[in-house]
Amino acid sequence: MIIKSNKVQVAASQKEVFDFLIDMNNIIHLLPQDKISDFKSTDKDCSFKVQGGVIISLVHDGVQDNAEIFLVSGEKSPFPFKLTIHIADEQDESTGYIHFDGEVNMFLKMMVEKPLTTLFNYMSDKIKSHFEG
């Protein structure tokens, strides 16, 4: 299952956005606080519980230039997935979006596609708003 978030224009350079997102401790700032609990992080991984009791874990899996950050599902996640955060240079600003590639069956896809799309759009908007104020 592939999901792409909305593309957002960020009032910060590509490097500023990259430096913020490369630290997994900052992922908490992108998540809906009323829908998660038990957030734990280091600079290389994080995990949190979403409503319904499902634990999601993300592990840093590399970068490409200052343009892409690769994350993969950790051992606590309910299914394997890859998450790529794309950041493009736009002179003094940047644009970005989140690309999700998950290995889910059709039944699970029907259950998780809409909430995950909403989550990734929320996270993209939070990246934008983090650099606006």
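So in the range 51-61, with the set limited to residues that are open to solvent by 40 Å² or more (accessible area, probe 1.4 Å) and of a type in the set (Val, Ile, Thr), which one is modelled with the lowest pLDDT? Among those residues, the one meeting the criterion is VAL54. All of (1) at pLDDT 95 or above; (2) in a helix (DSSP H, G or I); (3) open to solvent by less than 70 Å² (accessible area, probe 1.4 Å) hold for PHE70 with one exception: (2).
With respect to the numbered conditions (1) under 19 Å from ASN6 (Cβ atoms); (2) among the charged types (D, E, K, R); (3) in contact (Cβ under 8 Å) with a residue 40 or more places away in the chain, which one is the sole condition not fulfilled by LYS114? Failing condition for LYS114: (3).
Let's see how each residue does on (1) within 22 Å of PRO80 (Cβ to Cβ); (2) outside any loop (DSSP other than H, G, I, E, B):
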| site | (1), (2) |
| --- | --- |
| ASN6 | no, no |
| LEU21 | yes, yes |
| ILE27 | yes, yes |
| SER37 | no, yes |
| LYS40 | yes, yes |
| SER47 | yes, yes |
| GLY52 | yes, no |
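With respect to the conditions (1) open to solvent by 70 Å² or more (accessible area, probe 1.4 Å); (2) within 21 Å of LYS4 (Cα to Cα), SER94 falls short on a single one, namely (1).
The values are calculated or read from the model by the stated rules, or taken from the named source; none is laboratory data. Nothing here was measured: the structure is a model prediction, and the numbers come from that model. Ideal geometry is used to build each Cβ from the backbone, glycine not excepted, and the neighbour counts take in all protein chains shown. For the accessible areas, the whole protein counts, side chains as well, though only heavy atoms, and no ligand, DNA or RNA atoms are used. Shrake-Rupley method; radii C 1.70, N 1.55, O 1.52, S 1.80 Å.
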